[in-house]
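Input: a single structure, listed below in C-alpha cells.
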Amino acid sequence: KALGREGIYVQRFLSGSRSTMTSMASVIGGMADAGIITNERSRPGEGPYGTAIAEQMKKLGYETHLYYAGYGGWERVDDFSREQGFEHTHLGPSMEDGGDTNEWGVTDKALFSYMAKNFVTGKPTFNLVLSSSNHPPYSVDLEAEGCPLKEVPEKYREGFEGGDASLKMLGHHWYSDHEVGKFVREASANEEGCLFAITGDHWGRAFPGPRPTLLEQALVPLVLYGPGILPEDWYAGAMCGSHYDLGATLIELAAEAGQEYRAMGRNILETREEDVAVSRLWLLGSDFVVPADGSSGVQDLSGKSIEEPGRLSAAQRRYDLMHGISWWRIGQGNELPKE
C-alpha cells in the first residue's frame, strides 16, 4: 500500500486464472487461459506467441530474465519461459546459498538476495519474478525474521474463527510483503529508471472470516511503482484490469508512442468508466462482479445481489472472443480455418 500510494494501486484487478501456472502462463504467453494447459502446448522450435511479453520486450531492446524461487521442471516453467522468449532463467537451486527451502523452493529473502547480487545493470532488462513463501506449508521462521504479528489483528477478529485462515498465514503475508518491499526500495534507489509491477497469481483460497463476497474471491493486488517513470495524473480508483492486460500496459509504458505490439488485453492506465475487466473466472466492472461461468448471479462491489447491468452482454462477447482466439492459437496453430 505504501508503494501504491507513491505509485499506482489498482484496486479492481483480477488474476488471469485459478492457479499459479495458469495465471503465470497468461502473463508469459499473453494468451487468455482457454482451459487447454498453455504451458504444456508450447514446444521448442515453434516460436513464441505473437503476444508473448518477453519476445516483444526483447524487440524493444530489453534483455529478458525469469527469476523463479522453485524448480524449473515444475509445470515446465523453465522450458515454457524459454520457448516464449526469455533469454535467461534463474531458478531456486542456484539461489539456495545455505538458506532454508521447502518443496516450493527458496525463501523470498533468498530469492531477492540472489536478485540483488545478480541484477543486470547498465542495460535495459525485463525481469519476471515468481516468489514462493506466501504459500503453504508456510515454513518461514517468522520470529527469526522479526515478524511483529503475535495475535490476530483487530480488523480480522470478528468472524476469524469461522474462516479458514491462520495466524501463521497472516504472518507469511507480512513476510512476503516485507521482502518484496525491501527489494523494490533498494533496487529503485540503486538503479535509476526502474518500473515495478507487483501482483498475485490468484486469491489465497483461505479467508479470515466465514463468507467472502464474490469480489473478495476475485481480487488480487496490482501495484505499479516507478519514481519518475509513471504518469502522475491518473486516478487509480477508476482503473480495472486483469493479468491479461499486463502486456499491453507494460509495453505502452516502455515503448515509444505509436509502437506496434500484440496483446489480448488493453492498457490499464487508459481504463474508461464503461470498461469491464476480463479473466478466465470473472467479469469485473466499476460497480459489479460476476463469475464468468454463470455459476451465480451478479453482485455489486459490497456483495449485494443486483440486476444484470446492460454492458455485461458486450463484456461476455469480448470474453468469448478472447478465449476462443486463444484456444485456437494455442491448440491449433497460427493459421485461421479456411471457409
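The values are calculated or read from the model by the stated rules, or taken from the named source; none is laboratory data. Note that the structure is predicted; figures quoted are calculated from it, not measured. Note that we place each Cβ from the backbone using ideal geometry, even for glycine, and neighbour counts take in every protein chain shown. SASA here: full protein model, heavy atoms, side chains in, ligands and nucleic acids out. Shrake-Rupley method; radii C 1.70, N 1.55, O 1.52, S 1.80 Å.
Sort out which residues of the range 164-178 are aliphatic (A, V, I, L, M) and in contact with a Phe, Trp or Tyr (Cβ under 7 Å, 6 or more places away or on another chain), and write them in order of number.
165, 169
Among the numbered criteria (1) out of contact with any Ser or Thr (no Cβ under 9 Å at 6 or more places or on another chain); (2) within 29 Å of residue 64 (Cβ to Cβ); (3) part of a loop (DSSP other than H, G, I, E, B), which one does residue 164 miss?
(2)
What residue, of 321, 230, 301, 253, is among the hydrophobic types (A, V, I, L, M, F, W, C), over 21 Å from residue 201 (Cβ atoms) and free of Cβ contacts under 8 Å to residues at least 40 places away in the same chain?
Testing whether each residue is among the hydrophobic types (A, V, I, L, M, F, W, C), over 21 Å from residue 201 (Cβ atoms) and free of Cβ contacts under 8 Å to residues at least 40 places away in the same chain leaves just 321.
Could you check the range 78-104 and list, in sequence order, the residues that are more than 12 Å from residue 140 (Cβ to Cβ), small (Gly, Ala, Ser) and out of contact with any Asp or Glu (no Cβ under 7 Å at 6 or more places or on another chain)?
Across the range 78-104, the qualifying residues are 81, 92, 94, 98.
Show the residue pairs meeting these rules: Cβ distance below 9 Å; 6+ apart or different chains; first residue within the range 142-159 and under 14 Å from residue 171 (Cα atoms); second residue among the polar types (S, T, N, Q) and surrounded by 10 or more Cβ atoms within 10 Å (Cβ to Cβ).
If the second residue must be among the polar types (S, T, N, Q) and surrounded by 10 or more Cβ atoms within 10 Å (Cβ to Cβ), the pairs left are 145/107.
Which of the residues belonging to the range 188-205 are more than 20 Å from residue 249 (Cβ to Cβ) and among the hydrophobic types (A, V, I, L, M, F, W, C)?
Of everything in the range 188-205, those that are more than 20 Å from residue 249 (Cβ to Cβ) and among the hydrophobic types (A, V, I, L, M, F, W, C) turn out to be 189, 203.
Going by the structure shown, is residue 99 modelled with pLDDT under 95 and at positive phi?
So residue 99 does not fit the description; no.
Any idea which of (1) aliphatic (A, V, I, L, M); (2) farther than 23 Å from residue 58 by Cβ; (3) in contact with a strand residue (DSSP E or B) (Cβ under 7 Å, 6 or more places away or on another chain) is the one residue 206 doesn't satisfy?
Failing condition for residue 206: (3).
Taking interchain pairs and intrachain pairs at least six residues apart, which have beta carbon atoms under 9 angstrom, with the first residue in the range 207-218 and farther than 12 Å from residue 158 by Cα and the second in a helix (DSSP H, G or I) and polar (S, T, N, Q)?
Short answer, once both residue conditions are applied: 207/217.
Look through the range 114-133, keep the residues that are polar (S, T, N, Q) and open to solvent by less than 70 Å² (accessible area, probe 1.4 Å), and return whichever of them is nearest to residue 94 (Cα to Cα).
118
Considering only the range 27-36, I want to know if a residue exists there that is closer than 13 Å to residue 129 by Cα and in contact (Cβ under 8 Å) with a residue 24 or more places away in the chain.
Looking for residues that are closer than 13 Å to residue 129 by Cα and in contact (Cβ under 8 Å) with a residue 24 or more places away in the chain, one finds at least one in the range 27-36, hence yes.
Restricted to the range 271-316, and to residues that are among the basic types (Lys, Arg) and within 24 Å of the chain's Cα centre (by Cα), which residue is surrounded by the fewest Cβ atoms within 10 Å (Cβ to Cβ)?
272
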